[in-house]
Amino acid sequence: MFRATATQSLSVSFTVGLYGTAFGAASIAAGFSILQTCLLSLLTFSGASQFAIVGVMGAGGNALSGIATASLLGIRNGLYGLRMAPILKVRGVKRVIAAQVTIDESTGVAIGQENLGLDAMKQGFWLTGFGVYIFWNFFTLLGALGAQAMGNPSAWGLDAAVPAAFLGLVWPRLTGKFERVLAATAVILAIALSPIISAGLPIIATALLAVAFGWKERR
Amino acid sequence: MNSLWLGVLGTSLIAFMLKFLGHSIPEKYLTNPRMLRINTLIPIALLSALVGVQTITEKGRWVIDQRLAGVAVALIALSLKAPYFVVVISAAVTSAVLYRL
């Protein structure tokens, strides 16, 4: 047992888990039930995808555009799985469980332990994966119950809390000018398309922007 | 089954399939540099688009209201390196106060 790894896993788990409150509230504000909200956290278990489905459908988008947006955001978990599989070397049920807890944080903490060796990486992955899972689901329920008790979402600022939550998710990714230009272009494109094509599609359309921006190698 | 349920279950199913696929296919099939580049950019584009759409549109129309002020405050909080929770709460409080005025 690596103590430094355990401490890091737990603090990441708790802080990230707290955001579950924001998701729970956003989901209720978007019109999902408490059961649906909790199932999204239990089954989807990937923050950005969960915010995307409730964001798109809450804005009037249909299920397909919501699922498409959420799934595009979920592709990166597949790439994390690719990175983690040779380290974890698990099969059967264990692989199913490992896959479910393969997210930004579990992979991030695991990779952060690289200098401590394979065992520390495994420990970081499992502890953070389970830790986030427990806290994220607990706080989702709390946020959902809280939002339901509040009633009108606008009166409590939930209508601004949701885009602010997205902003907080994208902010750490805006590491350079290139990323910021992409972000600004995506905002403008999505807003411009909103009155023209049905809800949800303007957001998916910006994935093409990402393809265009990433097509050529940058020097 | 109504569309919210379809959204919940469809998202969950695909999310798991993507995760499991990553754990199950050999690494050599997915190391194309272009794909990796695009993959890191997709969240930036989609999340930014969501910020824009949720801040100044409502049911397919452009609407400037208290949400914009809330998100502007969130932007300031982020540039001051405030923690995530402070960012979200400051946006909510700003928007709520303006709504009730």
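Structural remarks
- Dipole orientation for region A:1-134: of the candidates A:G24, A:Q36, A:A98, A:A98 has the Cα lying most toward the positive pole (charges on Cβ; Lys, Arg +1; Asp, Glu -1).
- Gyration tensor verdict on region A:53-135 (Cα atoms; rounded if a/c is under 1.5, prolate if a/b is larger than b/c, oblate otherwise): prolate
- Dipole orientation for chain A: of the candidates A:L82, A:L169, A:V187, A:L82 has the Cα lying most toward the positive pole (charges on Cβ; Lys, Arg +1; Asp, Glu -1).
- Taken over the C-alpha atoms, chain B has Rg and Dmax values of 18.9, 59 angstrom.
- Under 5 Å from the amide H of B:E58 lie the amide H atoms of B:V63, each residue being 5 or more positions distant or on a separate chain, with H modelled from the backbone and absent for Pro and chain starts.
- Residue order, fewest to most beta carbons within 10 Å, for A:D159, B:D65, A:D119, A:D104: A:D119, B:D65, A:D104, A:D159
- For region A:89-188: rounded, prolate or oblate by the Cα gyration tensor [a/c cutoff 1.5]: oblate
- Most positive-pole-ward Cα, B:I56, A:P202, B:V88, against dipole of the protein assembly as shown from beta carbon charges: A:P202
- Dividing the summed -39500 (n - 2.57) terms of all DSSP H runs of n ≥ 4 by the residue count of the protein assembly as shown sets its mean residue ellipticity at 222 nm at -25000 deg cm²/dmol.
- Once the Cα-Cα distance is subtracted from the 0.36 nm per residue extended length, the A:L10 to A:A192 segment shows a gain of 61.3 nm.
- Taking Cα centre as origin and charging only the Cβ of basic (Lys, Arg, +1) and acidic (Asp, Glu, -1) residues, the dipole magnitude of chain B rounds to 140 debye.
- In a reduced charge model with +1 at each Lys and Arg Cβ and -1 at each Asp and Glu Cβ, chain A shows a dipole moment near 640 debye about its Cα centre.
- Tally of Lys pairs whose C-alpha atoms are under 28 Å apart, taken over the protein assembly as shown, 8 or more apart or cross-chain: 13
- Global geometry of the protein assembly as shown, whether rounded, prolate or oblate, following the gyration tensor of its Cα atoms and the 1.5 cut on a/c: prolate
- Where trypsin sites (Lys or Arg not before Pro) fall in DSSP loop in region A:1-99, at most 12 other Cβ within 10 Å: A:K89, A:R91
- For the pair region A:122-161 and region B:39-88, the centres of their Cα atoms are 19 angstrom apart.
- In sequence order, calculated HN-Hα J values of region A:144-160 (Karplus, 6.51, -1.76, 1.60; Hz; x Gly/Pro): 5, 5, x, 5, 5, 5, 6, x, 3, x, 5, 5, 10, x, 4, 5, 9
Throughout, read-outs are computed from the coordinates displayed, never taken from laboratory work. The structure presented is a predicted model; accordingly, all values stated were derived computationally and were not measured. Here Cβ is always computed from backbone atoms with ideal geometry, including for glycine, and neighbour counts include all displayed protein chains.
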